[in-house]
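**Q** Next up is a structure, given as structure tokens.
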Amino acid sequence: MAQSYRDLVVWQWAYQLALAVYRVTQQCPQDDMLCDELRGAAVALPAAVARGADLYDVSGALEELNNALLTCTELEVLAYLSRDLGVISAESCSELLTLQRQVIRLLKSFIRRVRMLATQDITEDSHLYESAAEYGSDDDDVWMELHVDEQSLSDLEQ
């Protein structure tokens, strides 16, 4: 069972996306505002997932997770802009967008699961992700208790 937001695959993928953004933008000039915006969105994404997963209040959790979804979309736009303005390569943009699509898919699955919980009682001694574990189905379990590894990342690129 998930013990922390760090055990959630959606957070793990969001974190990997943030790391990838930092790797891709490493060569950007210090004062490049577009790179700063891209990095800011990348950092905000796993933070919003973590905040949403750690809330006891379902409506608050949904708000944070929806913010994460919006941030993920913002990151997509910033990646395209960065590519089209020559700040990052087309290959780097493709890498970021591959990860971003996976995060979007996992976030939507997680949000569906949390919405299901909206009609359930979450006990005071249970975090949202612990309660969500009780209501798993085959297609939505993907966000829980899986770990990102290099093979998973390379499989996505193919």
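The values are calculated or read from the model by the stated rules, or taken from the named source; none is laboratory data. These numbers come from a predicted model, not from an experiment. Neighbour counts are summed over all protein chains in view; Cβ atoms, including those assigned to glycine, are modelled from backbone coordinates with ideal geometry.
**Q** Inside the range 18-34, can you point out the residues that are surrounded by fewer than 17 Cβ atoms within 10 Å (Cβ to Cβ) and among the aliphatic types (A, V, I, L, M)?
**A** Those that are surrounded by fewer than 17 Cβ atoms within 10 Å (Cβ to Cβ) and among the aliphatic types (A, V, I, L, M): Leu19, Met33, Leu34.
**Q** Among Tyr56, Tyr22, which is aromatic (Phe, Trp, Tyr) and modelled with pLDDT under 90? Step through it out loud before you land on a result.
**A** Values: Tyr22 fails: modelled with pLDDT under 90.
From the options Tyr56, Tyr22, the qualifying one is Tyr56.
**Q** On to the next question. Quick one: is Ala53 touching a strand residue (DSSP E or B) at 6+ places or on another chain (Cβ under 8 Å) and in contact (Cβ under 8 Å) with a residue 60 or more places away in the chain?
**A** yes
**Q** Which residues, taken from the range 14-27, are aromatic (Phe, Trp, Tyr) and within 13 Å of Glu95 (Cβ to Cβ)? If you could, list the steps in order and put the result at the bottom.
**A** Going through the range 14-27, the residues aromatic (Phe, Trp, Tyr) turn out to be 15, 22.
If the condition is that a residue be aromatic (Phe, Trp, Tyr) and within 13 Å of Glu95 (Cβ to Cβ), then Tyr22 is the only one that fits.
**Q** I'd like to check something: does the range 45-52 contain any residue that is touching a Phe, Trp or Tyr at 6+ places or on another chain (Cβ under 7 Å), β-branched (Val, Ile, Thr) and either within 14 Å of Leu17 (Cα to Cα) or surrounded by 16 or more Cβ atoms within 10 Å (Cβ to Cβ) (or both)?
**A** Taking the range 45-52 and keeping what is touching a Phe, Trp or Tyr at 6+ places or on another chain (Cβ under 7 Å), we get 46, 49-50.
From what is left, the residues that are β-branched (Val, Ile, Thr) are 49.
Keeping just the survivors that are either within 14 Å of Leu17 (Cα to Cα) or surrounded by 16 or more Cβ atoms within 10 Å (Cβ to Cβ) (or both) gives 49.
Yes - at least one qualifying residue is present in the range 45-52.
**Q** List every residue pair whose Cβ atoms sit under 7 Å apart, with the two residues 6 or more apart in sequence or on different chains, where the first one lies in the range 23-38 and is free of Cβ contacts under 8 Å to residues at least 60 places away in the same chain and the second, anywhere, is surrounded by fewer than 16 Cβ atoms within 10 Å (Cβ to Cβ) and part of a loop (DSSP other than H, G, I, E, B).
**A** From residues that are free of Cβ contacts under 8 Å to residues at least 60 places away in the same chain, the pairs are Leu34/Leu85.
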